[in-house]
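Asker: Below you'll find the structure I mean.
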Amino acid sequence: MSNSQTLKSAPKTSAKPSPEKRPRSAVSAKKLPKPVSGVVVPPKDPGHAHPFPRTEFLTTVARLRDAPGDAVAEVAFVGRSNAGKSSAINTLAGKTRLAYVSKTPGRTQHLNYFSVAPDRYFVDLPGYGFAKVPEDVRKQWDTLLGPYLQTREQLKGLVIIMDSRRPLTEMDWQMLEWFAPTGREIHVLLSKADKLSRQEQTKTLRAVKADLADLGCPVSVQLFSSLKRTGVAEAAAVLKRWLGLCDNTNVESVPPEITEAAQRMEEDNAE
């Protein structure tokens, strides 16, 4: 047999490398997480991101005598219109449009009750924009909100949501000074904190704390962002204490430097 015939009869081999030897594409390589030395990356959605997952809308109350009779503890939420009140409640509950039920016609001037746990409730109060409603509606609202905030024994504390870019407006001060004599605790959420730089956040937080130092009742202040979930664990700790709920999630807070490293990793991998 000639050499030419021997070459022709040899089995054909593929020029493509086997899958095991095929080089990894640049796109595939980019999707792999980049290690951060000495950092344990926390889960993308830690358990404390939604500390009140069982929250459900219960009822709308137009008269105080119709408030739930089984209530042991309640936390009320109030704030200027568009300050982020509904978003804060939705974020704490981990549900998209839970609190937006408050904007349904007929409910905007009433107390909206949300069941958090047996006998424990969030109460969504009308926004400060009530001044624009007709006089007869405002009078009806005043006769409901005033007695609720001043006489409701089950009310353990008031959460006031303020836009961190415009905190302590005239209406905020009116609510603070009006509620302070009750002696109940106030917790201020400076919402939309993601709109501020780190330096601006620090400056705003210190300024608001200083302004409220002499309010005359227990008051605490924190930064909050529904978009970035900033301050969720801190707010939950206050609200659970007020409601008398034990935190059984056993979720430890993640140090800021670890959170920042994980965020940088996620941004790099998304590029």
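Asker: Over the stretch 47-244, what is the mean sequence separation of C-alpha contacts under 8 Å (at least six apart), divided by residue count, expressed as relative contact order in percent?
Answerer: Worked out over the stretch 47-244, it gives 25 percent.
Asker: Residues with amide H under 5 Å of LEU212's amide H, sequence separation 5 or more or different chain, H placed in the peptide plane at 1.01 Å from N; which?
Answerer: Correct list: empty.
Asker: Show me, for the stretch 220-232, the HN-Hα J-couplings you get by feeding each phi into the Karplus relation (A = 6.51, B = -1.76, C = 1.60, θ = phi - 60°), rounded to Hz, glycine and proline as x.
Answerer: 10, 9, 8, 7, 8, 9, 5, 5, 9, 6, 6, x, 5
Asker: Where the only charges are on Cβ atoms (+1 Lys, Arg; -1 Asp, Glu), what is the dipole of the stretch 47-244 about its Cα centre, to the nearest 20 debye?
Answerer: Roughly 660 debye, rounded to the nearest 20.
Asker: Something else: Quick one: which residues, 5 or more positions from VAL219 or on another chain, have an amide H under 5 Å from its amide H? H modelled 1.01 Å from N in the peptide plane, none for Pro or chain starts.
Answerer: For VAL219, whose amide H was placed from the backbone, the distant partners under 5 Å are ILE186.
Asker: Let me ask you something else. Between the alpha-carbon centers of the stretch 71-97 and the stretch 149-199, tell me the distance in whole angstrom.
Answerer: 12 Å
Asker: Near the amide H of THR59, under 5 Å away, which other amide H atoms are found, from residues 5 or more places off or on another chain, if H is placed in the peptide plane?
Answerer: Those qualifying (amide H under 5 Å, at least 5 residues apart or on another chain) are TYR113.
Asker: For the pairs LYS192/LYS240; LYS85/LYS139; LYS156/LYS195; LYS139/LYS203; LYS156/LYS192, note any where the Cα-Cα span goes beyond 28 Å. Show your work: numbers first, answer last.
Answerer: Working: LYS192/LYS240 22 Å; LYS85/LYS139 23 Å; LYS156/LYS195 31 Å; LYS139/LYS203 39 Å; LYS156/LYS192 25 Å.
Those over the limit are LYS156/LYS195; LYS139/LYS203.
Asker: Which residue, GLN201, LEU239, TYR113, has the largest displacement toward the positive end of the dipole of the stretch 47-244 when charges sit on each Cβ (Lys, Arg +1; Asp, Glu -1)?
Answerer: Most positive-ward Cα: GLN201.
Coordinate-derived values only; no laboratory data. Keep in mind it's a predicted model, so treat the numbers as computed, not measured. Note that each Cβ is placed from the backbone with ideal geometry, even for glycine, and that neighbours are counted across all protein chains shown.
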